[in-house]
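Working notes, beginning with the structure itself.
Bear in mind these aren't lab numbers, they're just calculated from the coordinates by the rules spelled out. None of the values given here were measured: they were computed from a predicted structure. In this analysis, Cβ positions are derived from the backbone assuming ideal geometry, glycine residues included, and neighbour counts consider all displayed protein chains.
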Amino acid sequence: MPTSYDATTVWGVIVVAGVLTFAIRGSFVYLFGRIDEVPPQVQSALEYVPAAVFAALVFPAIIVPEGAVSLSLGNERLVAGTLAAIAAWYTERVFVTIVVGMGALWVLRFVV
């Protein structure tokens with residue numbers, strides 16, 4: 001896709017973004033390497049990071065499967081994801097959640 005910026009500007013932005021990303025991540029490694037104990041408030045907040053990252057990766061694929069928001073029963077990914085979330089809520093088992101979610105998706109996609 002053509003742009004009005006020259007190659008030097010584009011590469012400069014890429015390099016600056018990479019350096020800033022590396023610095024942010026490196027600061028946590030440096031910080032936690034320097035302190036002996038993580039404060040309880042920080043440890044409590046960090047417990048939610050994996051779930052938040054997973055949700056940020058999964059929700060767009062479920063809600064916007066083909067480039068447009070689809071919140072109808074015709075969206076088989078949304079229906080399968082909802083069933084998987086219900087299974088996860090009741091059973092609290094990863095394997096059951098995967099089986100229910102993938103099973104529902106396959107049934108909806110190939111049978112219905």
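Things to note:
- Computed FRET value (nearest 0.05) for residue 102 with residue 47, which takes r as the C-beta separation and R₀ as 30 Å: 0.65
- Shown in residue order for the range 14-24 are the 3J(HN,Hα) couplings computed by the Karplus curve 6.51 cos²θ - 1.76 cosθ + 1.60 at θ = phi - 60°: 4, 5, 5, 4, x, 5, 5, 4, 4, 5, 5 Hz (x for Gly and Pro).
- Taking GluC sites (Glu not before Pro) across the range 16-112, the ones in a DSSP loop with at most 10 further Cβ atoms lying within 10 angstrom of their Cβ are 37, 47, 66, 92.
- Anisotropy class of the chain from Cα gyration tensor, a/c 1.5 cut: oblate
- Shape call, the range 1-47: gyration tensor on alpha carbons, a/c limit 1.5: prolate
- Prolate/oblate/rounded call for the range 49-112, Cα gyration tensor, a/c under 1.5 rounded: oblate
- In the elastic network of the chain, a GNM with C-alpha springs shorter than 10 Å, the most mobile of 67, 26, 81 is 26.
- Based on DSSP H segments of at least four residues, each scored -39500 (n - 2.57), the chain has a per-residue ellipticity at 222 nm of -23500 deg cm²/dmol.
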